[in-house]
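Here's the structure, in structure tokens; my notes come after.
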Amino acid sequence: MKTKSKTKQNLLLLGAVLILIIVPFFYAKGGSFTGSDDQGTEQIKKFDPSYKVWAHPLWTPPSAEIESLLFTVQGSLGTGIIAYIIGSARGKKKALKQIEEQKNGKK
């Protein structure tokens, strides 16, 4: 019974994720998907035309594709680290629970 409810929950979550991925393609037709840095600079220059950028990147990727790749790699590494920490904590909790059960004579 528990497996059936987990399967249903997983299917509902998968459906929600798919909706979140697909809906923007129809909702934002013809939209401009620029970065927030570009949008922020545009707004600042709009309200203060004399503004000069005071921070510059140390290195600029040779193309937008490389920039996207690096952004994706950074996000993937961060996700991997977070998933490892959560998995490790869960494994430790499970191991401690098993040790406690063994001490109490349960199995």
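The values are calculated or read from the model by the stated rules, or taken from the named source; none is laboratory data. Because the structure is a prediction, the values reported are computed rather than measured. Note that we place each Cβ from the backbone using ideal geometry, even for glycine, and neighbour counts take in every protein chain shown.
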**Study point:** Unmet requirement for Arg90, which otherwise passes all of (1) assigned to a helix (DSSP H, G or I); (2) loosely packed, with under 10 Cβ neighbours inside 10 Å
**Key:** (2)
Review point. Within the bounds of the range 35-43, is there any residue that is within 26 Å of the chain's Cα centre (by Cα) and among the hydroxyl-bearing types (Ser, Thr, Tyr)?
Key: yes
Review point. Applying the selection to the range 7-49, what residues are hydroxyl-bearing (Ser, Thr, Tyr) and either at pLDDT 90 or above or touching a Pro at 6+ places or on another chain (Cβ under 7 Å) (or both)?
Key: Thr7
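One line per residue, one yes/no per condition, for (1) among the hydrophobic types (A, V, I, L, M, F, W, C); (2) over 30 Å from Asp38 (Cα atoms); (3) at pLDDT 90 or above:
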| residue | (1), (2), (3) |
| --- | --- |
| Leu58 | yes, no, yes |
| Ala64 | yes, no, no |
| Ser68 | no, no, no |
| Val73 | yes, no, yes |
| Thr79 | no, no, yes |
| Ile86 | yes, yes, yes |
| Lys93 | no, yes, yes |
| Gln98 | no, yes, yes |
| Lys107 | no, yes, no |
Point to revise | Filter result (assigned to a helix (DSSP H, G or I) and either surrounded by 10 or more Cβ atoms within 10 Å (Cβ to Cβ) or at positive phi (or both)) within the range 44-59 | key: Ile44, Lys45
Practice item. Provide a single number: the residues in the range 7-31 that are surrounded by 10 or more Cβ atoms within 10 Å (Cβ to Cβ) and of a type outside the set (A, V, I, L, M, F, W, C). Key: 6
